[in-house]
1. If you project the alpha carbons of segment 7-52 onto the principal axes, what extent comes out on each, in Å, largest first?
2. Exposure proxy check: 131, 36 ranked by fewest other beta carbons within 10 Å?
3. Taking the Cα-to-Cβ direction at residue 69 and at residue 97 and moving 7 Å from each Cα, how far apart do the two end points lie in nm?
4. Rank-order 89-101, 172-184, 44-56 by packing density, defined as the average count of other C-beta atoms within 10 Å over each peptide's residues, highest first.
5. Starting from the 7 Å offset along Cα-to-Cβ, what nm value, one decimal, do you get for the label separation of residue 129 and residue 154?
6. For residue 160, list the lysines whose Cα falls under 25 Å from its own Cα; do not include residues on the same chain fewer than 8 positions away.
7. If you add up the charges near residue 152, with Lys and Arg at +1 and Asp and Glu at -1, over every other residue whose beta carbon is less than 11 angstrom from its beta carbon, what do you get?
8. Among 63, 134, 77, what is the fewest-to-most ranking by other Cβ atoms within 10 Å?
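Throughout, read-outs are computed from the coordinates displayed, never taken from laboratory work. On a predicted model such as this, the values are computed, not experimentally measured, just so you know. Please note: Cβ atoms are built from the backbone with ideal geometry, for glycine as well, and neighbour counts cover all protein chains shown.
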Amino acid sequence: MMAQPSGAPVFHPFSVISPEFIAPESLEIIVDKYPCRSLVITDINHKILLKVKPCDTTFHRQRVLLDANDKPISMLRDKGMSMHSRWNVFKGESKSNSDMIFSASKEHAVFQFKINIRVMLANKMRSNESCDFRIKGSWSKGNFTIYMGDSSTAIAEMSKPQALKYAADKFTMTIQLNMDYAFVVALFAIVDAIENPDEVKKGSGGSVGAAFDVLGAVGSLGN
């Protein structure tokens, strides 16, 4: 875990997905992308924290967020016909609106090439309400930041350090203390899917089983 930078905001414990994923100190994680668009999330000591696996259907792109023991935590599902690249996130493997935790939708504008995604918690889903979180940055430059609402207060940052700039499938994220890191990882997975739709298509369909095999092998190495 990282030392808290001087002058950084101090948050009260904030859980979106589950309190068990709240880090009592600021946390640096590494995200590795594997074939079929699977993700493995580790800490700086290479301990597996979470995994993300694709489980697309004919009409929906989907991801399942798993703990280190492959227990489903959340289902990430695109809205299909949405004009705003909207993804909904549910408890466990549910797809029921009653189990929705939050939604994330990309704001589109002419000639906009940067990331601009609004995140709304399930109890605030009306479009005229201010967002609970916002994601801004540039995927092509290897960085984005997750902010509290429309403020300048950052809860997490994704970057590609100089040592990793040629590693296309490796990223680092710094998460503020008392934040739900499973929530942050879910947002990373959504941004990855939105910004790389062609890769998602290549990873759909019959290759899902291969993704499970790859992550199973990775998991066995981390144990």
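1. That works out to 38, 22, 16 Å along the principal axes.
2. Fewest-to-most ranking of 131, 36: 131, 36.
3. Going from the residue 69 label point to the residue 97 one covers 3.5 nm.
4. Going by the mean number of other Cβ atoms within 10 Å, highest first, we get 172-184, 44-56, 89-101.
5. 2.8 nm
6. Straight-distance partners of residue 160: 33, 47, 51, 53, 106, 114, 136, 141, 170, 201, 202.
7. Around residue 152, the charge tally is +1.
8. Listing 63, 134, 77 from fewest to most nearby Cβ atoms yields 134, 77, 63.
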